[in-house]
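Have a look at the structure below, then the notes.
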Amino acid sequence: MQMTHEHEQIAETTRKFVAEQINPHLKDWERDGMWPAHEVLRAMGKLGLLGIAKPESVGGLGLDYSYQVAFAEALGTCDSGGLPMAIGVQTDMATPALANFGSAELQQEYLAPAIAGEMVAAIGVSEPGAGSDVAGIKTTARRVGDEYVISGSKLWITNGTQADWVCLLANTGNDTSGHGNKSLIVVPLDAKGVDRHQKLDKLGQRASDTAMIFLDEVRVPARNLIGEEGKGFIYQMQQFQHERLFLSASIVAAMERVIKDTATYTGQRKAFGKPLLDNQVVHFRLSELYTELEALRALIYRATDDVVAGKDATLLCSMAKLKSARLARELTDACLQYWGGQGFMWESSVAQFYRDLRLHSIGGGADEVMLEIISKRLGFVGKRRTY
Amino acid sequence: MKALVSVKRVVDYNVRIQVKPDGSGVATDGVKMSMNPFDEIAMEEAVRLKEKGVVSEIVAVTVGSAKCVETLRTALAFGADRAIHVVEEGEVQPLVAAKALVAVCGKENPDLFLLGKQAIDDDANQTGQMVAALLDRPQATFASKVEIAGTKATVTREVDAGLQTIEIDLPAVITVDLRLNEPRYLKLPDIMKAKRKPVENTTLGDLGVQAAGGLKIVKTASPAARSKGVMVKTVDELIAGLKNKGLL
Ligand SMILES: Cc1cc2nc3c(=O)[nH]c(=O)nc-3n(C[C@H](O)[C@H](O)[C@H](O)COP(=O)(O)OP(=O)(O)OC[C@H]3O[C@@H](n4cnc5c(N)ncnc54)[C@H](O)[C@@H]3O)c2cc1C
């Protein structure tokens, strides 16, 4: 991936926005368990930040995905982990399928306002009974005349308490176990029968609101179907590639910051007559982690190149997602240790990211799900087994 | 009305400056470079004047290496209509820059020439004044407010004693200070549009300006490291401490 002047400028505008419009408020939002999504996204939409790789016909910039990766990396300069993830839901998790397969009409109604920052979007895949096992979802959408009638519940929905619409995965066929009976449908969250009052209490990512959403005989127009009926599972698997690459890129800067903060802290903190950083075990460890971080960055850029070239990037995106999540856990844990008691304090930056980045091994597909995909792609198991 | 704005590529203000080991200057290899922050303020002012309908065309100009074209692209993203790049790979001292800018003025005949009051790399604070002198036109330095009416500009200047307001005839040179405005965020569509705006290349030679300046840099050194501070608990302790150091 080649960082041009334009990539750098997009990153610069993003970093400036984060520094001036997000970071000064994060302490409050963390405490309140809520961020003003409409306000923040509207401001980002005005700057053109929400549709970098989306078509110009819906107000996007029509650029290739490498520019989006530059944006994701720059978003990682947030002082906590919740916002990059929540903003990523808007740009890379709830909207790619609509942009790729939605009708022009549906795009104008829901995608264009999401890119302009006038509407907040959510992605509704997981359910109380199905997370990793996406095919096992129970929510149903029955076709009745010109409408779908939707019933079920969705769990852990980011932006869920305030989103205007959700890109919802539901069963549209009778067979509820298969892959070919699922569809993605845009559901406006002010529709009758939607209840989303339950805000969830989380270990980390606290500035981002997460909801349980109940749908009881919710009626939406049939034209809210994204693409073709029955293709929802495939669309969602494709949509996951953007989600996973975005998530990986969005935490690199946070990890870099944790290493630097740790070097600063241990460089000043003295024990046994010298700065902690002077202990070889400490500076070797930090150097090793930094090396791993650069290797991760290279992997993310390689995956990006494949996405830009239009190749199937599933293997590299899954690897990037796995490695970024694993490294985030290893790195924040290792660094927190060197802060001693101060690292255990709620307010320290290392504790913040220790909590917030822990999500990445679970959300967007757990590490084990990534390993399953990677194993299949490498031909170790499954239908394409070659060994 | 045409506005000319000069912009300089400098080490980003966030970068911790490192002096080269041989003392020949400041390390810039692999270091983040940006538009001089005061020049951003000058650009912003020009764009605001254009939005108000006072200025009809903004031309950005820089004197420096091939890489400075990035700084011009930033100026174009701010809202400059076109740009002029005086390509010079070597060091550009204030008087050389001033002469080059005067030569560009000769071709462009701007009504208003906006510059940052100084560049944050060498903090010379000379170029604007030299340009005005060489052009033999009025200057208003350290502007914190600029109002244009007809062929006159009313400029509020930040001076040691407070604020001074002067009226000058256009064409004039105005150097801008920190509090004049807050530069906008560059919008992504504007960043991409900037790629397609025209940049004209020229050289000091083309402009008839000698590259050599009159200054010789003898040595560059880091400032002495600050010694560790002491926390005092009471005013008495503070006074005693100051007396001890012979400061009171
Ligand atoms: C803060 C937060 C925000 C979220 N936001 C959203 C959202 O906006 N939209 C949305 O749809 N979902 C969202 N999720 C849900 C998230 O995608 C799921 O939690 C995730 O997919 C894991 O599903 P699960 O929790 O049901 O875990 P389960 O499927 O119950 O799995 C539990 C654990 O079992 C292990 N495991 C699972 N499968 C295998 C396997 N095949 N082999 C070995 N081990 C395995 C893994 O370690 C996994 O973590 C969010 C979750 C959180 C915590």
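Read the figures in this text as sums done on the coordinates, not as results from a lab. Small disclaimer: the values here were computed from a predicted structure and weren't measured. FYI the Cβ positions are ideal-geometry reconstructions off the backbone, even for glycines, and counts take in every protein chain you see.
Fewest first, what order do B:Asp190, B:Asp29 take by the number of other Cβ atoms within 10 Å?
B:Asp29, B:Asp190
Whose amide H sits under 5 Å from the amide H of A:Val166, counting only residues 5 or more places off or on another chain, with H placed in the peptide plane?
A:Ala122, A:Val187, A:Leu189
Among A:Glu217, A:Glu105, A:Glu12, which one shows the highest mean-square fluctuation when chain A is modelled as a Gaussian network with alpha-carbon springs under 10 Å?
The residue that fluctuates most here is A:Glu105.
What ³J(HN,Hα) values, in whole Hz, does the Karplus curve 6.51 cos²θ - 1.76 cosθ + 1.60 give for segment B:63-77 when θ = phi - 60°, with x put for Gly and Pro?
The phi angles translate into 10, x, 5, 3, 5, 5, 4, 5, 5, 5, 4, 5, 5, 5, 5 Hz.
Throw me the Rg/Rh for segment A:38-104, computed over C-alpha atoms with Kirkwood Rh, two decimals.
Rounded to two decimals, Rg over Rh is 0.96.
What residues have an amide H closer than 5 Å to that of A:Gln205, excluding those fewer than 5 places away on the same chain, when H is modeled at 1.01 Å from N in the peptide plane?
A:Gly81, A:Gly82, A:Asp356
Mind telling me which of A:Gly76, A:Gly62, A:Gly145 comes out most flexible in a GNM of chain A, alpha-carbon contacts under 10 Å?
Maximum fluctuation in the GNM of chain A, among the listed residues, is at A:Gly145.
Report, largest value first, the span of the C-alpha coordinates of segment A:251-377 along each principal axis, in whole Å.
Taking max minus min along each principal axis of the Cα atoms, segment A:251-377 gives 55, 24, 21 Å.
By how many degrees, 0 to 90 and rounded to 10, does the Cα axis of helix A:252-268 deviate from the longest principal axis of chain A?
20 degrees
Going by amide H atoms built from the backbone, whose H comes under 5 Å of the H on A:Gly102, apart from near neighbours?
Residues meeting the amide H criterion: A:Gly227.
Mind pulling the angle between the C-alpha long axis of helix A:280-308 and the longest principal axis of chain A? Nearest 10 degrees, somewhere in 0 to 90.
Orientation of helix A:280-308: about 30 degrees from the principal axis.
Out of all DSSP beta bridges in segment B:70-220, what portion is antiparallel? Express it as a percent rounded to 5.
50 percent
Using a 10 Å cut-off on Cβ to Cβ distances, tally the other chain neighbours for every residue of B:177-189 and report the average as a whole number.
Neighbouring Cβ atoms belonging to other protein chains average 4 per residue here.
Could you check how many percent of all C-alpha pairs in chain B are farther apart than 22 Å?
More than 22 Å apart: 57 percent of the Cα pairs in chain B.
Take A:Cys78, B:Cys105 and order them by how many other Cβ atoms sit within 10 Å, fewest up front.
Least crowded to most crowded, the residues run B:Cys105, A:Cys78.
Using the Karplus curve 6.51 cos²θ - 1.76 cosθ + 1.60 with θ = phi - 60°, work out ³J(HN,Hα) for each residue of segment B:124-129 in order, rounded to whole Hz, and write x for Gly and Pro.
5, 6, 9, 4, x, 5
Magnitude of the Cβ-charge dipole of the protein assembly as shown, K/R +1 and D/E -1, about the Cα centre, nearest 20 debye?
1100 debye
Roughly how tilted is helix A:65-75, in degrees to the nearest 10 and between 0 and 90, from the longest Cα axis of chain A?
On a 0 to 90 degree scale, this one is about 50.
Lysines near B:Lys243 by alpha-carbon distance under 27 Å, same-chain residues fewer than 8 away left out - which ones?
Within the straight-line limit of under 27 Å, B:Lys243 reaches these lysines: B:Lys228, B:Lys233.
Does chain A come out rounded, prolate or oblate, given a ≥ b ≥ c as the square roots of the eigenvalues of its C-alpha gyration tensor, rounded meaning a/c under 1.5 and, failing that, prolate meaning a/b above b/c?
prolate
Pairs A:Lys202/A:Lys321; A:Lys138/A:Lys182; B:Lys50/B:Lys187; A:Lys54/B:Lys187; A:Lys27/A:Lys321; A:Lys16/B:Lys187: which exceed 20 Å Cα-Cα?
Exceeds cut-off: A:Lys202/A:Lys321; A:Lys27/A:Lys321.
With θ taken as phi - 60° and the coefficients 6.51, -1.76 and 1.60, list the Karplus ³J(HN,Hα) couplings across segment A:37-43 in order, rounded to whole Hz; mark glycine and proline as x.
Listing the rounded values in order: 4, 4, 5, 5, 5, 4, 5 Hz.
Show that you can apply the helix-only estimate: for the protein assembly as shown, add -39,500 (n - 2.57) for every DSSP H stretch of four or more residues, divide by all residues, and state [θ] at 222 nm to the nearest 500.
Calculated from helices alone, the mean residue ellipticity at 222 nm is -11500 deg cm²/dmol.
Taking the C-alpha atoms of segment A:5-120, how large are the radius of gyration and the largest Cα-Cα span, Dmax, in Å?
Reported Rg and Dmax, both Å: 13.7, 40.
Please say if segment B:69-124 is rounded, prolate or oblate, where rounded means a/c under 1.5 for a ≥ b ≥ c the square roots of the C-alpha gyration tensor eigenvalues, and otherwise the choice is prolate for a/b larger than b/c and oblate otherwise?
Taking the square roots of the gyration eigenvalues as a ≥ b ≥ c, segment B:69-124 is rounded.
Which of B:Phe113, A:Phe17, A:Phe353 comes first, and how do the rest follow, when ranked by fewest Cβ neighbours within 10 Å?
Least crowded to most crowded, the residues run A:Phe17, A:Phe353, B:Phe113.
In debye, nearest 20: dipole of segment B:18-129 around its Cα centre with unit charges on the Cβ of K, R (+) and D, E (-)?
For this selection, approximately 220 debye.
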